[in-house]
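First the structure, in the form of structure tokens, and then the observations on it.
The values are calculated or read from the model by the stated rules, or taken from the named source; none is laboratory data. Just so you know, these numbers come straight off a predicted model, no measurement behind them. Reconstructed Cβ throughout: ideal geometry from the backbone, glycine too, with neighbour counts over all protein chains shown. Accessible surface areas use protein heavy atoms only, side chains included; no ligands, DNA or RNA. Shrake-Rupley method; radii C 1.70, N 1.55, O 1.52, S 1.80 Å.
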Amino acid sequence: MKRFWQGWGARRTPESPAVDGLYTAIVARGREPHWYLAGGVADTMDGRLDMIMAVLSLVLIRLESDAAGAAPSVALTEMFITDMDAQLRQSGVGDVGIGKSVGQMVSMLGGRIGAYRDGLAGGELRDALMRNLYRGVDPGEAPVAQVAARLEAFARALAEQEIAALLAGALP
């Protein structure tokens with residue numbers, strides 16, 4: 001199956017096969033055209049990365065809410081890191097810059113997890129989306145409202161999803 005981020009690298013954990021289907025589903029969800037067409041997310045490398053990280057963040061928030069999700073959460077994060085490392089290498093980033101770039105992506109992911117967690121707890125993702133998904137560029141009220149509504153509904157559905165089904169790659 002072709003993924004947005006092509007590389008998979010060699011670093012695997014015992015849990016990696018358990019989250020392979022989930023990671024594939026997250027990337028596929030983040031690449032759905034409605035995010036870019038109706039949602040106004042930039043259809044660029046950065047925009048795609050931001051959208052994938054938004055979906056990944058919500059899944060990681062769900063996994064952290066259940067003891068059974070701890071090890072898969074780590075494996076999923078490691079899979080993301082490995083994938084980003086490989087993508088950067090394919091893009092021509094040299095060995096010297098890889099660590100710094102991957103470190104920045106991991107920091108971005110951590111910041112997004114916190115922002116989306118806080119936004120969901122407060123019942124409003126708009127501010128978090130403006131900072132993290134749209135990077136401060138306002139695409140208009142309708143696109144932001146559309147993305148916020150879809151991500152909030154996704155988060156609610158994830159909360160109801162059994163961990164086993166989620167790990168099998170069945171995103172609600």
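Of the conditions (1) open to solvent by 40 Å² or more (accessible area, probe 1.4 Å); (2) modelled with pLDDT under 90, residue 101 clears all except one; give me its number.
Single failed check for residue 101: (1).
Go through the residues of region 2-22 one by one and say whether even a single one is of a type in the set (Phe, Trp, Tyr), modelled with pLDDT of 75 or more and closer than 28 Å to residue 156 by Cβ.
Just the residues of region 2-22 that are of a type in the set (Phe, Trp, Tyr), to begin with: 4-5, 8.
Okay, now just the ones that are also modelled with pLDDT of 75 or more, so none.
No, region 2-22 has no match at all.
Just give me the residues in region 133-162 being over 18 Å from residue 117 (Cβ atoms) and open to solvent by less than 20 Å² (accessible area, probe 1.4 Å), in sequence order.
The answer is 134, 144.
Are there any pairs, at least 6 apart or on different chains, whose C-beta atoms fall under 9 Å, with the first in region 25-39 and in a helix (DSSP H, G or I) and the second of a type outside the set (Gly, Ala, Ser) and open to solvent by 60 Å² or more (accessible area, probe 1.4 Å), and if so, which?
28/1; 33/43; 34/150; 35/43; 35/150; 36/43; 37/43
If residue 60 passes every condition in (1) more than 16 Å from residue 18 (Cα to Cα); (2) touching a helix residue (DSSP H, G or I) at 6+ places or on another chain (Cβ under 6 Å); (3) modelled with pLDDT of 95 or more but one, which one does it miss?
That leaves (1) as the condition not met.
Over 17 Å from the mean Cα position of the chain (by Cα), loosely packed, with under 14 Cβ neighbours inside 10 Å and modelled with pLDDT under 70: does that describe residue 123? Full working, then the answer.
Numbers: over 17 Å from the mean Cα position of the chain (by Cα): yes; loosely packed, with under 14 Cβ neighbours inside 10 Å: yes; modelled with pLDDT under 70: no.
Spelling it out, it is not the case that residue 123 is over 17 Å from the mean Cα position of the chain (by Cα), loosely packed, with under 14 Cβ neighbours inside 10 Å and modelled with pLDDT under 70.
Within region 133-148, count every residue that is at pLDDT 95 or above and within 17 Å of the chain's Cα centre (by Cα).
4
Quick one: would you say residue 96 is open to solvent by 30 Å² or more (accessible area, probe 1.4 Å), at pLDDT below 80, among the β-branched types (Val, Ile, Thr) and assigned to a helix (DSSP H, G or I)? Break it down stepwise before answering.
Values: open to solvent by 30 Å² or more (accessible area, probe 1.4 Å): yes; at pLDDT below 80: yes; among the β-branched types (Val, Ile, Thr): yes; assigned to a helix (DSSP H, G or I): yes.
So residue 96 passes the test.
Is it the case that residue 42 is open to solvent by 20 Å² or more (accessible area, probe 1.4 Å), among the hydrophobic types (A, V, I, L, M, F, W, C) and over 17 Å from residue 114 (Cα atoms)? Reasoning before the result, please.
Numbers: open to solvent by 20 Å² or more (accessible area, probe 1.4 Å): yes; among the hydrophobic types (A, V, I, L, M, F, W, C): yes; over 17 Å from residue 114 (Cα atoms): yes.
Yes.
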